[in-house]
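The values are calculated or read from the model by the stated rules, or taken from the named source; none is laboratory data. Keep in mind the model is a prediction, meaning the values are calculated, not measured. Here the Cβ is made from the backbone with ideal geometry for all residues, glycine too, and neighbour counts use every protein chain on show. Note: areas computed on protein heavy atoms with side chains; ligands, DNA, RNA excluded. Shrake-Rupley method; radii C 1.70, N 1.55, O 1.52, S 1.80 Å.
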Amino acid sequence: MSVPSKPIDTDALLAIADDLVAQARKLGAEHAEAAVIQLRSTEVAVRDGALEAVEGSESRDAGLRVFVGKRQAGVSFSDLSSAGMGQAVERAIAMAKAAPEDPWCGLVDPDRLARELPEITLYEQPGWNSEDLADIAREVETA
């Protein structure tokens, strides 16, 4: 029943973020920051002790914040095709240009950035599979 999932390709996610920032800079952003996330979920339904459904989903979403002078705007989106990302970048730039000036907006000063970063696990293999979830669902239903 359960299909082992391969680890999330963090290099691919970083490449998407790099591409978004590069596109934003090319279209006029002085600065930009991007975040890309990949989500996976499994849902198990049990009724009267019997497995009723197992559903899985996976999605990738992105966020982009751009700075044009002392104006900023942010967008979030899930269409990570070339056309979808291009449209999101164009919208973010247009929104920033239309936004009111904010004397406090901007990225953190480089001298205030951390220089040594801790090792952070970016992906953690789930501790259970769909069979485990079905067993847990049966226990909950019985309780």
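Annotations for the structure displayed:
- Nearest 10 degrees, 0 to 90: helix 82-98 Cα axis against the chain principal axis: 50
- Spin-label proximity, ASP61 to the stretch 79-120 - amide N less than 14 Å from point 7 Å beyond Cα toward beta carbon: 79-80
- Positive dipole terminus of the chain, leading residue within THR142, ALA92, ILE37 (C-beta point charges): ALA92
- A 1.4 Å probe run over the protein chains yields, for the chain, 71 Å² of accessible area per residue, whole-number rounding.
- Here the Karplus relation 6.51 cos²θ - 1.76 cosθ + 1.60, evaluated at θ = phi - 60°, turns the backbone of the stretch 56-65 into coupling constants of x, 9, 8, 8, 10, 9, 9, x, 9, 10 Hz, with x for every Gly and Pro.
- Those lysines that a straight Cα-Cα span of less than 26 Å connects to LYS97, excepting residues fewer than 8 apart in one chain: LYS26, LYS70
- Dipole size of the chain about its Cα centre, with +1 on Lys/Arg Cβ and -1 on Asp/Glu Cβ: approximately 900 debye, rounded to the nearest 20.
- Packing, taken as the mean count of other beta carbons within 10 Å per residue, orders the peptides 38-50, 11-23 from highest to lowest as 11-23, 38-50.
- Available extension along the chain between GLN87 and ASP135 is 12.8 nm, counting 0.36 nm per residue and deducting the alpha carbon span.
- Fraction of accessible area attributable to carbon and sulfur, the chain (%, probe 1.4 Å): 52
- When you count the other C-beta atoms within 10 angstrom of each residue and take the mean per peptide, 76-82, 103-109, 86-92 line up highest first as 86-92, 76-82, 103-109.
- Crossing angle, helix 10-26 versus the chain [Cα axis fit, 0-90 degrees, rounded to tens]: 30
- Here the sum of -39500 (n - 2.57) over DSSP H runs of 4 or more residues, divided by the residues of the chain, equals -11000 deg cm²/dmol at 222 nm, to the nearest 500.
- Normalised alpha carbon radius of gyration of the stretch 55-143 [divisor 2.2 N^0.38 Å]: 1.75
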